[in-house]
Structure formats: structure tokens, C-alpha cells
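**Q** One structure coming up, written as C-alpha cells, with questions to follow.
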Amino acid sequence: MLFRKLYLQAAGVSLSLWILGLHVWTASASVEPLTYLPHDLQSYFNTCHGCGDLTEQTGELAYWHVMQAYVNKFAENNPSLSESELSYFHETLAHSFAPYRSHRSKRQVAAPRVRKEIRAMTDAERVRYFNALNQLKTNTSLRPNVYDALAAFHQGANVQRAHFGPAFPGWHRLYLWILETFLRQQDPQVTIPYWASHLDGEMTTPTSSVLFSDAFFGPGFGLPITGPFRTWPQINPNTVFTRNLAAGTQLFTVAGINAILRRRRNRDILVPTAPADSNFELQHGGAHVFIGGTMNNLNAAARDPIFFSHHAFVDQIWERFRLNQRAAGIPTATDYPWDPNDPRIRASHNPNLTAGFTTVGSPFNSFRQIDGFSDDFFQLVQYEQVPSCATGCAGSRYLRCNTATNRCVSRSTAEVRAAGINVDTQPGLIPAGRKKRQAVQRNYEVCDRNWFLHDVNVNSMSLASPDDLRNTYTNSWSYIPVKIITKRPTDYIDFQKFSAYGSHVNGVNKQPELTQFGTQKSYEYCRDHMDAPGKIRIVAYGLNHDAYSEEYVISDNRLAVSESIGVIAVKTPTLASSDVMVAAFDICGRVCRPYCKSEPDTTHNHVFAGAFKVSTESPSMYSASYSDALLSIWETPTDGACPSVNNNLVPLIFFCEYTDHWIWGPNTSPAP
Ligand SMILES: *[C@@H]1O[C@H](CO)[C@@H](O)[C@H](O)[C@H]1NC(C)=O
Ligand SMILES: *[C@@H]1O[C@H](CO)[C@@H](O)[C@H](O)[C@H]1NC(C)=O
């Protein structure tokens, strides 16, 4: 009785929802599957699928890549610089090239900028780098400050110039050069450290890496309230970044890098012509997804300084690739895979077009897409090798040699602390004026693995025309319950007894969907990262508006078959429907298959791509709060019988079968 009373108080909305559910269904409901994806989205999926199935690439990475291309249409372009800002910008860049230009005229030889793995730097070098970043963050020579102005180059039309095509490595090479040039104005000895993320990917628990201690990049969850960027939330709340580690653990792998390095032509590693196993841009997406939060959104990713270290590693890999090319006699500066007759290649990736850093007519309109492929960079920048066991992991206190693989791996924060090294403060870091924050002793070693934040993110990319959309959409969220059905992953090896796989009742396989192995996919990193409490990640992107949300559902990997309930957040529909695309993945990035009802009151028999519209039609199938949505599907009979879930009130079910099925097409949508 008490339970019931509390329940009614807590879930008034849900009560009315399930009463509605008992009524006769009309032909429509507020949550209905979309028969077709938007045409542009479908073509991105088709292009992505054309580069390979899910045997080499994970569904999560393919989906992330495609959705980033799609939601870019909601993003603002980078703001234009004023006349005086432009001249400051151009002058700074001109100075950066001057020594090298004179080198070419055989006068002065300038030393190349040498970039190191961040754990192979001395503590003093690392602190100087973070100091220079902080100086850019407070320097107002560009608005709102130099760091934010440069970060804004990575949004809107520039995201299209920089991604989803052959300009990818060259564009980011120019971008690194520009940021580094501004950093070196603050401190001429600074170079951007690279983050070799496979050093973390090979840890048992990458989220516990020392990289996320305050002596390195700061906390891996939420706002950067401690660590080197601890003042950033106050400096500019509009551009502050967040993190949400380990949405998926798909950092660079040695096998993936080697597949790239075995190739000799850029067309074999760049989108859209690269085969799946050596698709460089796709592989790079893993670190964006792993860091989560702001890094998960290309239009804002550069606000998090870890972006530049991730891309310095991308550049380091590309440099190794280019050195191989040179050794093979291939002309590196012109090996730009451009084919005007290939409709999959974006026009903005034409090698002669601007990379989008400078305005035409400026001294630097020579920053064209092809300029990132220039051989000048062989002189301008050099990379230290990734620390190896042969060199004692570069003598770093933050790395150790894993003798099983003979490769270096990162130490965890706890390991480094246990060795008596202080990684909870940043000695010598400026700005220093503020009251010292007390070092927080955190011991996440165990919890880290399963910790996560729900992320509900609106206007992370500013709306193209806020006024139009403000009239159409409320600025609130609604919540929709989803059910997740999982089988024990085949590569969860700790608990294989009583498996459902291959089980038979009286010699007859009664549940083929649940008992067969199918084409279960095991990616390289799955086995090492299969915790007992499995994590299913559900992500939702707005299709006709700018919104993103993610949710995590725990599925117990020890159970043969299990069922759990999650809730996804979507923008509340008003005059127009909120069209949303939802997908779910396990920790290895394997796709869960979405099912919905083709008709109300039927079973969830309809396989679809995961796109649906949420409208104000009745019966309403969304709730005003997370907890309401969670409770809305439960029926608590008045006769004191056991509460149970009413499947009719669950619009969407994901079946996580761990296969490599491609579920997004192709060609389901008619031409517009
Ligand atoms: C920004 O940095 C430049 C280069 O160090 C310096 O000349 C300028 O005075 C700084 N501007 C501000 C407003 O601090
Ligand atoms: C780019 O410009 C060069 C020099 O004008 C020209 O030779 C080349 O054909 C152009 N490439 C493309 C793809 O337009």
C-alpha cells in the first residue's frame, strides 16, 4: 500500500500514460518509426557501407562518422575575424614560416619542431605546454580569446573541409601548425605533445590512465574542474568542454596502425576510397568517442586540448606513412586522391580549394587543401618515435613495458601515485593567482571501469537559425523508455557455464534467435574489455533539429540472456515532430538491432534503421522526466499482484546479438 502511494506520487505522468495504454489504440502514436532516413543521411550511410562492412570497422565508429557528417548542417561556421585580428593572425603565421623560407634559399637552417609523446616529455616540458595553452586562453588578441578563436576553426563548413574525404590528414596538419605557432609565440620552445592512444588502449582499464590525472589532461568525467584547465570553466563558460570517458574503448590499435602503414597510397587510407581495415579517418574517430562529451562532437571537439594531442598522433602516423612513401619513391606532395568524377568525394576537398583558415587575397590563401601535403613539412616538424620497450619506454615514469606484448603501456594514476609521484597537482602551472584548490584524493581504480555520465546535450552546435527553431521546438527534453535485450557476449570468457548458445530442448532448437551464434563479431579489443557488468550505450541524434543525448544501460554479461530498461532523451515536439535517430552499441562498438512495432498492439516485429518521429499525437509515449519514463511502462495492478512491464508502452527494443550486420540501408530512401 505504501509502495503504491509513493509510486503514484512519484509517477503521476506515467500513471496517466499507462491508463492511456489500456484504451483502444488509434492508428498512430506519438512515437512512430520513420520509413525512410533523410536522403542525405542515407547517402552518407551508403558511402560508408561502400567502404566496408562491419567485419573490420565497428558499427559504432561507422555510425559516429556518418552522424557527424549529417549533423554538421546544424552547425555555425567559424566567426569571421576583424581587420585587426586578421592582420595579427596573418603576421603570426608569416613569422612562423620565415625561418624555413630562408632555409630554402640556403641561408639559415631552422631547427624543426620536435613533437613527443606526452608521457615521454619531462614534467617541465609538459607544464610549459599547458602554460602556453593557458596563456592563449587568456590572450584576447583574437576574440573571445586566442585559444577559442582557433578552436572555432574546427566547426561548420570547416568540419566538412577537414573530414569525410581526402583532405583529412593535410587539413589537420595545417591546423596543428597554426595552433603550435600561436603557442610558440607565448613560449618559443613549446611543441604539441602527441597522445599515442594505443598505449592506453592496451591497458586493462584505459579510463584509469595517468593521462586523466591532474598532472596531465585532467579529469575524464564532466567539467575540467581540476588539472591544467581548471580555470577554463570560468574563463569562458560558453566554450568549456566536458568529458565522458569510455563510451567505447576503440582507441588506436597497433593492428589498425599497421594496416595503415602497410599501404603506400593515400587513396588506400583515406575516405571514401580506403578499404575498411586501413580507413585512417574512421580509426581516428575512436578516440573522439572514447573521450566522449565535447570530443564526441566534431563541431566542438577542438575546445578540449586533448583534441590537438590526439591529432598530433594522427599526424605522427601519417608522417610514418609518408616516410614509407618517400622510401618507395612515391611523390608525397601530389599523392592526393582526388577524382572529380567520384560523387562520393565532397567538392570542398578539391585540392586547390581553401582549407578555410584564411580569406582569399590574404598572404595565406596559399593554405589550400593540397598544402597540407607539402614536402616542406618534412623540414618543419619531426616526431619522436612512440616509446618502445627497447628504449625503456623512453625512460618515462608514466609508462611501463608490458612483457607479454613487448610493448609499452600507460601506467594508471593509482600506479603512479603508489610509486610516490604526485600527479594530483600541477606544480608551476599558471595562472597561479587563484586560491589553490585542495588536491582531491580520488581512487577510481575499480569504479572507473563502470562509471559513466548520462549526456544530454542541446545546442552543443549552435542552431543555424535559432529563431525559426525556437518557434518550432521547446527547449525541453522528453524521455522515451527503451528495452535492451542482450545475450552473453561470446568473448566474455569468465562465465561460460550454462550458456544459452547452442542449447536445445528435446533436441529441438526452440529459440534460434537467442541460441545460435550467427555471425558474431569479436573485435580485437573486445576480449580485454569485457567486464561482468556490461555497458550498452544508446545514442540519439536529432534529424530535423540540433540535439544529442546518450544513455547507458547495464546488462550483466554473466547472464546467458538478460533484459534491461533504459531511457533516451529527445527534444520535446510541439508544432513539428522531433525526428530522431537512435542506435545502441556494446562496449566493443557492436551494433544492437532496433525493433519497433509496425502497428500499435502488435509485437516488436519491425526491424528498422532506428529513426523515428516523436509527435504530439496520442497516445503520448514520452514523459517529462527520466524517472517518469522509467516507471511509465510498469503496471502495478490494484489487486496487489506483482508489477509488470507492459510491452505496448515500450516503443523501441534493441536486441544486442553481437553480429556484424549492417542495419542502415542501403538505398531504402527514395530520391528527394
Ligand atoms: C597575446 O600574445 C601576444 C604574443 O605573445 C602578445 O604580443 C600580446 O600582447 C598578447 N595580447 C594580450 C591581450 O595579452
Ligand atoms: C590545381 O591547380 C593546378 C595549377 O593551377 C592545376 O594544374 C591542377 O589541375 C588543379 N587541380 C585541380 C584538381 O583542379
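The values are calculated or read from the model by the stated rules, or taken from the named source; none is laboratory data. All values derive from a computational prediction rather than experimental measurement. So basically every Cβ, Gly included, is an ideal-geometry build from the backbone, and we count neighbours across all protein chains shown. Heavy atoms of the whole protein, side chains included, go into the accessibility calculation; ligands, DNA and RNA do not. Shrake-Rupley method; radii C 1.70, N 1.55, O 1.52, S 1.80 Å.
**Q** Which of the residues spanning segment 259-277 are crowded, with 22+ Cβ neighbours inside 10 Å and among the polar types (S, T, N, Q)?
**A** Within segment 259-277, 266 is the sole residue that qualifies.
**Q** Residues that are at pLDDT below 95, open to solvent by less than 20 Å² (accessible area, probe 1.4 Å) and assigned by TED's automatic domain parsing to the domain that holds residue 168: does segment 300-313 have at least one? Walk me through it before giving the result.
**A** The initial filter retains those residues of segment 300-313 that are at pLDDT below 95, namely 300.
When the remaining residues are screened for being open to solvent by less than 20 Å² (accessible area, probe 1.4 Å), the result is 300.
From the residues that got through so far, the ones that are assigned by TED's automatic domain parsing to the domain that holds residue 168 too are 300.
Yes, segment 300-313 contains at least one residue that is at pLDDT below 95, open to solvent by less than 20 Å² (accessible area, probe 1.4 Å) and assigned by TED's automatic domain parsing to the domain that holds residue 168.
**Q** Would you mind listing the helices (runs of 4 or more DSSP H) fully within segment 196-288 where at least 2 residues are closer than 24 Å to residue 554 by Cα?
**A** Values: elements: 198-201, 232-235, 254-261.
Counting at least 2 such residues, we get 198-201.
**Q** Out of curiosity, is residue 337 more than 16 Å from ligand 1 (Cβ to nearest atom), at pLDDT 95 or above and under 27 Å from the mean Cα position of the chain (by Cα)?
**A** Judged against the criteria, residue 337 is a match.
**Q** Tell me, which residue of segment 130-146 that is in contact (Cβ under 8 Å) with a residue 60 or more places away in the chain and open to solvent by less than 10 Å² (accessible area, probe 1.4 Å) is farthest from the chain's Cα centre (by Cα)? First the steps, then the outcome.
**A** Start the filter on segment 130-146 by keeping residues that are in contact (Cβ under 8 Å) with a residue 60 or more places away in the chain, which leaves 130-131, 133-135, 137-138, 142-145.
Cutting the leftovers down to open to solvent by less than 10 Å² (accessible area, probe 1.4 Å) gives us 130, 133-134, 137, 142, 145.
Details: 130: 23, 133: 23, 134: 24, 137: 24, 142: 28, 145: 25 Å.
Looking at the filtered set, the residue picked out is 142.
**Q** Does residue 167 meet the test of being in contact (Cβ under 8 Å) with a residue 60 or more places away in the chain, closer than 30 Å to residue 279 by Cα and away from ligand 2 (no atom under 16 Å from the Cβ)?
**A** Values: in contact (Cβ under 8 Å) with a residue 60 or more places away in the chain: yes; closer than 30 Å to residue 279 by Cα: yes; away from ligand 2 (no atom under 16 Å from the Cβ): no.
No: the conditions fail for residue 167.
**Q** Scan segment 139-168 for residues that are part of a helix (DSSP H, G or I) and of a type outside the set (Asp, Glu) and jot them down. Full working, then the answer.
**A** Let us first name the residues in segment 139-168 that are part of a helix (DSSP H, G or I), namely 146-151, 157-162, 168.
Matches in segment 139-168: 146, 147, 149, 150, 151, 157, 158, 159, 160, 161, 162, 168.
**Q** Name the single residue, out of those in segment 376-412 being under 20 Å from residue 118 (Cβ atoms) and among the charged types (D, E, K, R), that is most open to solvent (accessible area, probe 1.4 Å).
**A** By that ranking, first place goes to 397.
**Q** Would you say residue 194 is within 16 Å of ligand 1 (Cβ to nearest atom) and open to solvent by less than 10 Å² (accessible area, probe 1.4 Å)? Explain how you work it out, then say what you get.
**A** Numbers: within 16 Å of ligand 1 (Cβ to nearest atom): no; open to solvent by less than 10 Å² (accessible area, probe 1.4 Å): yes.
When the stated conditions are applied, residue 194 does not pass them.
**Q** Moving on. How about segment 340-359: which of its residues are open to solvent by less than 20 Å² (accessible area, probe 1.4 Å) and either within 16 Å of ligand 1 (Cβ to nearest atom) or not in a loop (DSSP other than H, G, I, E, B) (or both)?
**A** 349
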